[in-house]
Every structure is written in structure tokens, then in C-alpha cells.
Amino acid sequence: TYGHAAGDAVLVQFAALLRSEFRESDVIVRWGGEEFLVVSRFADANGAAEVAERLRHKIASHPFVLEDGRHIERTVSIGFAAFPFVPGNPKQVSWEQVIDIADIALLAAKRSRRDAWVGLSPRGDCTQEDVESLFQARAQAIESVFRIETSIEPDKPLRWS
């Protein structure tokens, strides 16, 4: 609606807001067109909801300024999960799987209501098999709904996560 220059201006301001919210030791990466990944080392997983709410509020209340001086409002959808996913057992769920879990949370926030956050953490007795079964069920759902075309050899399984 506003053009590429406006999108770039919003991204620059958004990145500055992210940097102001996180520590210098945290890593902020543009993960996709409008998606960012934040790695907060040595952070308390229990405080993630507070950080997500603070960031959601900060973005929603910030007047983004375009090059022509106009102000626009933006919101943010946030999904998060902590690594290690199972406290005390970092090898039980890989960091790649944790990113997939955070992405599932992000999609839930986006699809349920914009300007929201969703966090996923394991129930008390969550195992790697539980996480694998989640991804397996998702893969089976994809394969049962869609016709799949690929350049991957037929004898090689597709990996959905």
C-alpha cells in the first residue's frame, strides 16, 4: 500500500526497536521478509512471555515515520519457544526443531489474531518422541491434503521439519 521505500523505513525502525528491547549479547536475525529470529542466550525461559508482551506493546504504540513524514501504525505477531526445549536436556529436542516449534507458535498468533504472541513450552513429561510425533502428524496432514511435486528422487523421503 505504501511502497517499497515505506517498507524499508518501517523495517529499519522495527530493527531499532528490537535492538532496544534485547541485550547486546542477544542475536537478532532477519529470518524472512517480515520475520525476525531472536536468540537470547542465558535468558530465563519463564520471562519470555513478559518480553513478548513488552515488545508487542512497544511496536503497537510506536509511530512509524515514513520518508514523506507520514506516520503509520504497525503491530507484531510473535511466536516463541526456549532452547533447550526440555530444561536440563538440550539434546532431547534439537535447536532446529525448537525453531520449527516457535514457527508453529508464530502461525497460531498470526492466524488467531494479529498483534498477539503465543509461546510453546513442554508439558512436564514431554519427550523427543512426542515432538517427533507432532512433526510426523503435520507431515502426514500435508501429504494427505496436497499433491506434491518435487525434484527429489522418489526413493528419498521428504523431510517436513
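The values are calculated or read from the model by the stated rules, or taken from the named source; none is laboratory data. What you see is a predicted model, and the numbers here were worked out from it, not measured in a lab. Using ideal geometry, Cβ is built from the backbone for each residue, glycine included, and neighbour counts are taken over all protein chains shown.
Any idea which of (1) out of contact with any Pro (no Cβ under 8 Å at 6 or more places or on another chain); (2) modelled with pLDDT under 90; (3) surrounded by 11 or more Cβ atoms within 10 Å (Cβ to Cβ) is the one Gln13 doesn't satisfy?
Here Gln13 meets the rest and fails (2).
Which of the following residues is of a type in the set (Lys, Arg) and modelled with pLDDT of 85 or more: Arg70, Arg41?
Within the list Arg70, Arg41, the selection yields Arg70.
Strands (runs of 3 or more DSSP E) wholly in the stretch 35-149 with at least 1 residues that are under 18 Å from the mean Cα position of the chain (by Cα), free of Cβ contacts under 8 Å to residues at least 24 places away in the same chain and closer than 23 Å to Thr1 by Cα - which ones?
Because the criterion is at least 1 residues that are under 18 Å from the mean Cα position of the chain (by Cα), free of Cβ contacts under 8 Å to residues at least 24 places away in the same chain and closer than 23 Å to Thr1 by Cα, the strands (runs of 3 or more DSSP E) in the stretch 35-149 that meet it are 36-39.
For Val29, indicate whether it is within 30 Å of Gly3 (Cα to Cα), free of Cβ contacts under 8 Å to residues at least 60 places away in the same chain and not in a loop (DSSP other than H, G, I, E, B).
yes
From the set of residues in the stretch 71-85 that are of a type in the set (A, V, I, L, M, F, W, C) and under 16 Å from Gln13 (Cα atoms), which is surrounded by the most Cβ atoms within 10 Å (Cβ to Cβ)?
Looking at the filtered set, the residue picked out is Val76.
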